[in-house]
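See below for the structure under consideration.
The values are calculated or read from the model by the stated rules, or taken from the named source; none is laboratory data. These numbers were taken from a predicted model, which means no experiment stands behind them. Positions of Cβ are backbone-derived with ideal geometry, glycine not excepted, and every protein chain shown enters the neighbour counts.
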Amino acid sequence: MSDAVTVVLPAALLALFPGAVRRLEIDAGTVRDAIDALDARWPGMRDRLCDSRPAIRRHINVFVAGERATLRTRLPPGVEIFVMTAVSGG
Amino acid sequence: MADQKLLLLLGTRKGVFIASSDAARQNWSLAGPFCETWPVNHVIADPTTGTIYAGGGNAWFGPAVWKSTDLGASWTHSSAGLAYAQGETPINTVWSLAAGHGALYAGVEPAGLFRSDDEGATWTHIDGLQNHPSRPRWQPGGAGLILHGIIPHPEDAAKLWVMISAVGVFFSGDGGTSWEARNRGSRADFLPDPAPEFGQCVHCVVLAANMPERLYQQSHTGMYRSDDAGQNWHSIEAGLPSSFGFPAAAHPRDPDTLYLLPLNGDTVGRYVPDAAAAVWRTRDAGVSWQALRAGLPQQNAYFGVLRQAMATDRLTPAGVYFGTTGGAVYGSADEGESWACIAQHLPAITSVETLLV
């Protein structure tokens, strides 16, 4: 059975990684797995999304099936994961 | 040299800007913002390679060091290894950078020191500093617990100084394995004991030209000179309009010449005294001071200048530059005698450095 899920990335993140695409399918069972897969494809992307606690960065939101997720959140096959930048800054 | 080009590397709250001119330093062009408008605390160049590095941190994406090998035309970033151990407070931002003896150093918040031996691609924590017995008692300054200054010894690769607020000056003679506080003689007027071993609010330390044992310091409470590599500090603030300020810039060749930009004081606004801008210069290692005002705004100037936002260049006569919290950059091509506005309406300037190419 495929664990393919769809990940949607924010434009501000794409600007940091030449060649990165807004929407892609990857195989992942948890949010942590998904971010590992992104980092394998675009080295350094994990550091932009996660800190060293480790946890999703405070001003990054990851939504799975419409709910805010953590690194441990499990991913049902076929689900959409939205990685979004929080409304912050000045 | 007619074909020489001088770059002013400007860190700002919203990205990196680069102003460039020929050696006459009369006409400037501005490029930027670079680094995706990230807040950048310090931009430096490694003069041996011409590579430009920018350290900062983004509220969304965390800390990183940006790098350009083509004088700002294109940039990459990395934070590989730029992290504390799991479970510790994560790094918020990069505060200071320094290049020396083939290494690149980064100071971060919360205060710590990292080293890269591959031009910023990967980083290693120099944990000797955090293992200093004073570490549990370090207290943050207004900008946080920041390692905001790094000075590699110009001749001995094993020696370096770092500056931490509000902790003070630390020195290592063994490449960062062990450290000692070097704050004797600098005051901590805000503590019950005004002369502690550490706890001073150092703002900026610069190395004098051609005298690697001479350092100048601007602190929260005064201006100082040390002629023994920071082991003893002596006040040089007599003749200055206040004891408070942030930046200091050393002359590129004369160890007796220093530039400061005193502010009115820590509780009264932290802008230039009487809202009239002046850079103060000593030609005798701090015995006497001269206010340099020609071309600088002399009324309604309510700006400050941050600790890394003043620099000199290596041309003759030396150029002096500073950037303000109001987003203006001023420069002098004659050692401070006269000034002109190089840029304005930029984001708040966090750092100014020069690169001659």
### Task
For segment A:58-90, enumerate the residues that are surrounded by fewer than 14 Cβ atoms within 10 Å (Cβ to Cβ), touching a strand residue (DSSP E or B) at 6+ places or on another chain (Cβ under 7 Å) and in contact (Cβ under 8 Å) with a residue 24 or more places away in the chain.
A:Thr70, A:Arg72, A:Arg74, A:Pro77, A:Gly78, A:Ala86
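Quick one: which strands (runs of 3 or more DSSP E) sit completely within segment B:172-250 and have at least 1 residues that are among the hydroxyl-bearing types (Ser, Thr, Tyr) and surrounded by 21 or more Cβ atoms within 10 Å (Cβ to Cβ)?
Values: elements: B:202-207, B:215-219, B:223-226, B:245-250.
Because the criterion is at least 1 residues that are among the hydroxyl-bearing types (Ser, Thr, Tyr) and surrounded by 21 or more Cβ atoms within 10 Å (Cβ to Cβ), the strands (runs of 3 or more DSSP E) in segment B:172-250 that meet it are B:215-219, B:223-226.
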### Test for B:Leu113: is it crowded, with 23+ Cβ neighbours inside 10 Å, without any contact (Cβ under 8 Å) to a residue 60 or more places away in the chain and not polar (S, T, N, Q)
no
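Could you name every one of the strands (runs of 3 or more DSSP E) located completely within segment A:14-90 that has at least 1 residues being within 14 Å of chain B (Cβ to nearest Cβ)? Full working, then the answer.
Details: elements: A:23-27, A:60-64, A:80-85.
Hits in segment A:14-90: A:60-64, A:80-85.
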### Matching residues, segment B:94-117, being more than 14 Å from chain A (Cβ to nearest Cβ) and assigned to a loop (DSSP other than H, G, I, E, B)
B:His101, B:Gly102, B:Ala111, B:Asp117
### Message
I'd like to know if segment A:2-11 contains one or more residues that are hydroxyl-bearing (Ser, Thr, Tyr) and modelled with pLDDT under 95.
### Response
yes
### Task
Take the residues in segment B:63-81 that are facing chain A (nearest Cβ under 8 Å) and touching a residue at least 40 places away in the same chain (Cβ under 8 Å), then tell me which one is surrounded by the fewest Cβ atoms within 10 Å (Cβ to Cβ).
B:Ala80
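Listed residues B:Asn58, B:Asn41, B:Asn27; which is crowded, with 20+ Cβ neighbours inside 10 Å and more than 11 Å from every other protein chain (Cβ to nearest Cβ)?
Numbers: B:Asn58 fails: more than 11 Å from every other protein chain (Cβ to nearest Cβ); B:Asn27 fails: crowded, with 20+ Cβ neighbours inside 10 Å.
Selected residue: B:Asn41, the only one of B:Asn58, B:Asn41, B:Asn27 that is crowded, with 20+ Cβ neighbours inside 10 Å and more than 11 Å from every other protein chain (Cβ to nearest Cβ).
So if I check each of B:Ile91, B:Ile126, which one is β-branched (Val, Ile, Thr), crowded, with 19+ Cβ neighbours inside 10 Å and within 12 Å of another protein chain (Cβ to nearest Cβ)?
On the way: B:Ile126 fails: within 12 Å of another protein chain (Cβ to nearest Cβ).
The match here is B:Ile91.
Quick grid of which residues meet (1) surrounded by 18 or more Cβ atoms within 10 Å (Cβ to Cβ); (2) not basic (Lys, Arg):
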site: A:Ala4; (1), (2): no, yes
site: A:Leu13; (1), (2): yes, yes
site: A:Pro18; (1), (2): no, yes
site: A:Asp27; (1), (2): no, yes
site: A:Ala34; (1), (2): yes, yes
site: A:Pro43; (1), (2): no, yes
site: A:Arg48; (1), (2): yes, no
site: A:Ile56; (1), (2): yes, yes
